[in-house]
1. Which entries in the list LYS89/LYS150; LYS93/LYS150; LYS42/LYS93; LYS45/LYS91 go over 27 Å, if you measure between the two C-alpha atoms of each?
2. Per-residue counts of other Cβ atoms within 10 Å, averaged by peptide: what ranking do you get for 97-107, 145-155, highest first?
3. What list of ³J(HN,Hα) couplings, whole Hz, do you get for the stretch 52-63 from phi and the Karplus terms 6.51, -1.76, 1.60, once you set θ to phi - 60° and write x for glycine and proline?
4. Please list 3J(HN,Hα) in residue order for the stretch 9-22, calculated via the Karplus relation 6.51 cos²θ - 1.76 cosθ + 1.60 where θ = phi - 60°; whole Hz, with x for glycine and proline.
5. Which percent, to the nearest 5, of DSSP beta bridges fully inside the stretch 12-194 are antiparallel?
6. Which entry in (1) 17.5; (2) 19.2; (3) 18.7 matches Kirkwood radius over Cα pairs in Å derived from the coordinates of this structure?
7. For ASP10 and LEU86 in the same chain, what is the full-extension length gain: residue separation times 0.36 nm, less their Cα-Cα distance, in nm?
8. Could you please state, rounded to a whole Å, how far the C-alpha centre of the stretch 12-87 is from the C-alpha centre of the stretch 153-181?
Amino acid sequence: MARKPRIIADESYHHIIQRGNNRRRVFELVADYSYFKSLLRKYLKLYQCQIFHYCLMPNHVHFLMHIINGHDMPKFLQCLNLSYTLYYKRKYKFTGSLWQGRYKSFFIDKDEYLLECARYIERNPLRANMVENISEYPYSSYNYYAKGRKDDIITTNAIYNELAISSQQRQKNYIEYVNQGRPYEHIVDKALEMCPQRT
């Protein structure tokens, strides 16, 4: 049976998850993360999509995206995943499927969920016990918002700007917000892993 095409509205927001096949690592070395980010820069210039928040984990990736042109999101992700797969296969002499099927896409329909989704994405390394402090993890958008560190793949989440008038206070408020634990986070992790694509 043919897969149904995704219907993505213009000016919409999506939480994107793409996992390695059978939980396989998709990033082995620092150079792999760097190359993946170079591909993000390349395709963000070609398609009308923006990344507000992201986290590149060893075996999966998360994006919180603003989709300006709905037709561009599948093209952007297809080009990104295919280009990285070709790089990975050449480098590691790998055969087979690098990614686990199609990416998952979860539509975000309320502005107040944008920061909550960002918080969930950036806390991934903490929940995985990879770091004791989120700021220690180098492959996410956290330090862009929490410390003002330059990251040229990010378009600033407008809701972040509403946290305070001054940049210092915004960063402080963001750090406090993201570092607050939620008792349901591990349940959400499992639910996201099991559930099918919504768009």
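Each reported figure results from applying straightforward, stated rules to the coordinates on display, with no laboratory input. Please read these numbers as outputs of a predicted model, since none were measured by experiment. Virtual Cβ from ideal backbone geometry, glycine too; neighbours counted across all protein chains shown.
1. On the way: LYS89/LYS150 30 Å; LYS93/LYS150 34 Å; LYS42/LYS93 24 Å; LYS45/LYS91 25 Å.
Too far apart for the 27 Å limit: LYS89/LYS150; LYS93/LYS150.
2. 97-107, 145-155
3. Karplus values, whole Hz, x for Gly and Pro: 7, 9, 7, 8, 9, 8, x, 10, 6, 10, 10, 9.
4. So the J values, rounded to whole Hz, are 6, 5, 6, 10, 10, 9, 9, 9, 10, 10, 10, x, 4, 6.
5. Details: 23 of 24 bridges.
The antiparallel fraction comes to roughly 95 percent.
6. After the calculation, the listed value that fits is (1).
7. Values: separation 76, 0.36 × 76 = 27.36 nm, distance 2.97 nm.
In short, 24.4 nm is gained.
8. Computed from Cα coordinates, the inter-centre distance equals 23 Å.
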